[in-house]
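Everything below concerns the one structure shown next.
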Amino acid sequence: MILFFYSEQGGVKMNRIKYFRQKNEMTVRDLADKAKIAIGYISELENDEEGSRNPSRSVMLSIAEALGQTIPEVFFPDEHKEVI
């Protein structure tokens, strides 16, 4: 089973890191410092439109907590789920 998440603008939406980061008025550096994850990796995850990056559970937890969200809210958005 593969889950794809579609944004209202169309296209596959794999995570909402950038959305929550901007909502919290954080820079990539702010998030990286708070989550203790490399800036480059945060940027890669934010811009991974193909869903080719597969962060570990601990990375997902660190990012979600730094954003004040849960792992599902950030990495598995509930909008427009399609199961294939």
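In segment 10-37, the residues that are over 12 Å from residue 67 (Cα atoms) form Cβ pairs under 8 Å with partners that are of a type in the set (Val, Ile, Thr) and at pLDDT below 95, at six or more places apart or across chains, as follows: 15/74. Residues in segment 1-29 that are exposed (fewer than 15 other Cβ atoms within 10 Å of the Cβ) and modelled with pLDDT of 55 or more: 22, 23, 24, 25, 27, 29. A single member of 82, 46 is among the acidic types (Asp, Glu), under 15 Å from residue 16 (Cα atoms) and either at pLDDT below 90 or under 13 Å from the mean Cα position of the chain (by Cα) (or both), and it is 46. Against the test of being at pLDDT 95 or above, part of a loop (DSSP other than H, G, I, E, B), surrounded by 14 or more Cβ atoms within 10 Å (Cβ to Cβ) and of a type outside the set (Ser, Thr, Tyr), the options 37, 63 yield a single qualifying residue, 37.
Kindly indicate the residue of segment 49-62 that is within 19 Å of residue 72 (Cβ to Cβ) and not polar (S, T, N, Q) and also farthest from the chain's Cα centre (by Cα) among those meeting that condition. Residue satisfying both the conditions and the ranking: 57.
The values are calculated or read from the model by the stated rules, or taken from the named source; none is laboratory data. Because the structure is a prediction, the values reported are computed rather than measured. Reconstructed Cβ throughout: ideal geometry from the backbone, glycine too, with neighbour counts over all protein chains shown.
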